[in-house]
1. May I have the pair-distance distribution P(r) for the range 122-162, computed from all Cα-Cα distances with 5 Å bins from 0 and rounded to whole percent?
2. Please work out the FRET efficiency for the pair H27 and Y203, using the Cβ-Cβ distance as r and a Förster radius of 45 Å; give the result to the nearest 0.05.
3. What is the set of long-range amide H partners of I135 at a cut-off below 5 Å, with H atoms built 1.01 Å from backbone N?
4. Once fully extended, how much extra length lies between Q95 and L134, figured as 0.36 nm per residue of separation less the alpha-carbon to alpha-carbon distance?
5. Given a cut-off of 24 Å, what percent of all Cα-Cα pairs of the chain lie beyond it?
6. Would you kindly derive the ³J(HN,Hα) couplings of the range 66-75 from the backbone phi angles with the Karplus curve 6.51 cos²θ - 1.76 cosθ + 1.60 (θ = phi - 60°), listing them in order in whole Hz, with x for Gly and Pro?
7. Suppose all protein chains stay in the model; what accessible area per residue would a 1.4 Å probe give for the range 70-134, in Å²?
8. Using helices alone, I'd like the mean residue ellipticity at 222 nm for the chain: each DSSP H run of four-plus residues gives -39500 (n - 2.57), total over residue count, nearest 500.
Amino acid sequence: MNNSQSKKAVVRRLAPRKTPSQPRSAHTVGAILEGAAHILELHGLEGYTTNAIAARAGVSIGSLYQYFPTKDAVTIALIERESAALVRAAADALQGENQGRALRALIEAGIYYQLRRPMLAKLLDVEQGRLAPLIPGSAHALALHAALTTFLVDYPGVGAARATRTASELMALISALTDAAGRVETQATPALADPIEGAVLGYLNALSRNAGA
């Protein structure tokens, strides 16, 4: 088996075994994911086992394995759940007519979702880095990138030709700075957004100056 085939085999093992289609099964999956979140918050990665997750969720280990073949599969689904909430908030923020306020709202959304459950966010960041080579790109990240690209098309100094690249760079910048804030802060406050907003606007202003040069 070559490396490509091996990676595909791992991806299949990490994918959920089945998608919940009934309210009861959706409730079970939700309970498992929230149980996993609580275990990470209470016991960290050391206590993060499928048995502990199932016990916290109030389901049998067999029920857990009906949906998730491995602990990593649970983790990936939890990362996707948390990402989906952030992307919804970020996309809503970018709908604002005032571009400056929209960017501020985007940054505040990132800070809120990093610090609303700070221990969970920290540990999922660690796990996402570990699992990144084995999992496909997130549909939620792609959706956020598309929304930010559309927003930047009309931003001074960016335009359609550079919007896609700028969206990628801004996502990386905001993610790095909100992650850094999450490592030292425990509560989301408006003041946390100020230096991140300054960095974002400084970057965009530099693009605008270069475009006008």
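1. In whole percents, the pair-distance histogram is 6, 20, 17, 16, 13, 11, 14, 4.
2. 0.55
3. Those qualifying (amide H under 5 Å, at least 5 residues apart or on another chain) number zero.
4. Once the chain is fully extended between Q95 and L134, it gains 10.7 nm.
5. Summing the P(r) tail past 24 Å for the chain gives 50 percent.
6. 5, 9, 10, x, 9, 4, 4, 5, 4, 4
7. The answer is 46 Å² per residue.
8. Numbers: 10 runs with 166 residues, N = 213.
Calculated mean residue ellipticity at 222 nm is -26000 deg cm²/dmol.
The values are calculated or read from the model by the stated rules, or taken from the named source; none is laboratory data. Owing to the predicted nature of the structure, the values given are computational and were not obtained by experimental measurement. With ideal geometry, Cβ positions are generated from the backbone for all residues, glycine too; neighbour counts draw on all protein chains shown. In case anyone asks, the SASA skips ligands and DNA or RNA and just uses the protein heavy atoms, side chains included. Shrake-Rupley method; radii C 1.70, N 1.55, O 1.52, S 1.80 Å.
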